[in-house]
Amino acid sequence: ALLLVGIIALASMRIPHFAEDDTPPESVQGSGQGGRASAAAQKPGILATLRGGILFLWGHKPLLVLMVLYMATGLFITGPLLVIVPLLVADVWELSSGALGLAFGVQAATGMIMGFYLTRMSGLRNKGGFFALSMMGGGSSFALYSIAPTYALGLVFFMTFGVAAAMYGGMSQTLIQSHTPRE
């Protein structure tokens, strides 16, 4: 149901029209052959696109830092989280899949509450500091969850992880948008 709401919201978005001198490279006119070049002739290969992306990031250090942090978060938090949490619930606390669902539900609920709260904080200063705080808070919450002696205490840490994850998502997307050049 939430994905449907998102799809409807995306479908109603209006994309701004580019002026002729502001046209993205993908829609450049063909080379004097009386029309547009074929889409295949204009589209660079995957290695050229990857190289272009890396060069772009290298020239925009704040974005490069954010991408490196995204990769680190994926490797050291998100991946392990998806593997360790089910193991903790099933093997350490010897609980059913319902307990696993509750843990992820608690994380999602606290994340949604934090996400709604963040939308009301439009004048927030030091977004980078909040981003760093969210990374430290998420990592700490996950570590504490992993060593929690009881499932109930683990849920408390999973709640704080949900808050940190929402802050991380909101702040990282804000920072990426604010540091990305218009073109």
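The values are calculated or read from the model by the stated rules, or taken from the named source; none is laboratory data. Source: prediction; values computed, not measured. A quick note on method: Cβ atoms are made from the backbone with ideal geometry, for glycine too, and the neighbour counts reach across all protein chains shown. Keep in mind that these areas ignore ligands, DNA and RNA; they rest on the heavy atoms of the full protein, side chains included. Shrake-Rupley method; radii C 1.70, N 1.55, O 1.52, S 1.80 Å.
Just a few scattered comments:
- Taken together, the residues in the range 147-183 that are at pLDDT below 90 and out of contact with any Gly (no Cβ under 7 Å at 6 or more places or on another chain) amount to 13.
- Filter pass, G6 being small (G, A, S), farther than 30 Å from G128 by Cβ, modelled with pLDDT of 55 or more and open to solvent by less than 60 Å² (accessible area, probe 1.4 Å): no
- Residue ID - nearest to the chain's Cα centre (by Cα), chosen from residues in the range 140-156 that are within 11 Å of V85 (Cβ to Cβ) and surrounded by 20 or more Cβ atoms within 10 Å (Cβ to Cβ): F142
- Verdict on M167 being more than 26 Å from E94 (Cβ to Cβ), of a type in the set (A, V, I, L, M, F, W, C) and open to solvent by less than 80 Å² (accessible area, probe 1.4 Å): yes
- For first residues located in the range 118-129 and charged (D, E, K, R), partners that are surrounded by 13 or more Cβ atoms within 10 Å (Cβ to Cβ) and not in a loop (DSSP other than H, G, I, E, B) and lie 6+ apart or on another chain with Cβ distances below 8 Å form the pairs K127/M171; K127/T174; K127/L175.
- The range 135-152 residues that are farther than 22 Å from S172 by Cα, paired with ones that are among the hydroxyl-bearing types (S, T, Y) and open to solvent by 70 Å² or more (accessible area, probe 1.4 Å) (beta carbon under 8 Å, 6 or more apart): none
Yes or no, residue by residue, for (1) of a type outside the set (V, I, T); (2) at pLDDT below 75; (3) over 21 Å from A143 (Cβ atoms); (4) in contact with a strand residue (DSSP E or B) (Cβ under 7 Å, 6 or more places away or on another chain):
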{"position": "Q33", "(1), (2), (3), (4)": "yes, yes, yes, no"}
{"position": "G45", "(1), (2), (3), (4)": "yes, no, yes, no"}
{"position": "L55", "(1), (2), (3), (4)": "yes, no, yes, no"}
{"position": "A72", "(1), (2), (3), (4)": "yes, no, no, no"}
{"position": "W93", "(1), (2), (3), (4)": "yes, no, no, no"}
{"position": "G98", "(1), (2), (3), (4)": "yes, no, yes, no"}
{"position": "M112", "(1), (2), (3), (4)": "yes, no, yes, no"}
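- At least 2 residues being within 18 Å of T160 (Cα to Cα), out of contact with any Gly (no Cβ under 8 Å at 6 or more places or on another chain) and aliphatic (A, V, I, L, M) is the threshold, and among the helices (runs of 4 or more DSSP H) wholly inside the range 36-143 those reaching it are 79-87, 97-119.
- Residues satisfying the stated conditions in the range 59-68, i.e. touching a residue at least 24 places away in the same chain (Cβ under 8 Å) and open to solvent by 50 Å² or more (accessible area, probe 1.4 Å): H60, P62
- Restricting the first member to the range 74-89 and to residues that are closer than 16 Å to F157 by Cβ, and the second to residues that are outside any helix (DSSP H, G or I) and open to solvent by 30 Å² or more (accessible area, probe 1.4 Å), the beta-carbon pairs closer than 6 Å and six or more apart or on different chains are V89/L95.
- Among residues of the range 162-183, those that are part of a helix (DSSP H, G or I), more than 15 Å from the chain's Cα centre (by Cα) and free of Cβ contacts under 8 Å to residues at least 40 places away in the same chain, counted: 0
- Yes/no for M159 being touching a residue at least 40 places away in the same chain (Cβ under 8 Å), open to solvent by 50 Å² or more (accessible area, probe 1.4 Å) and assigned to a helix (DSSP H, G or I): yes
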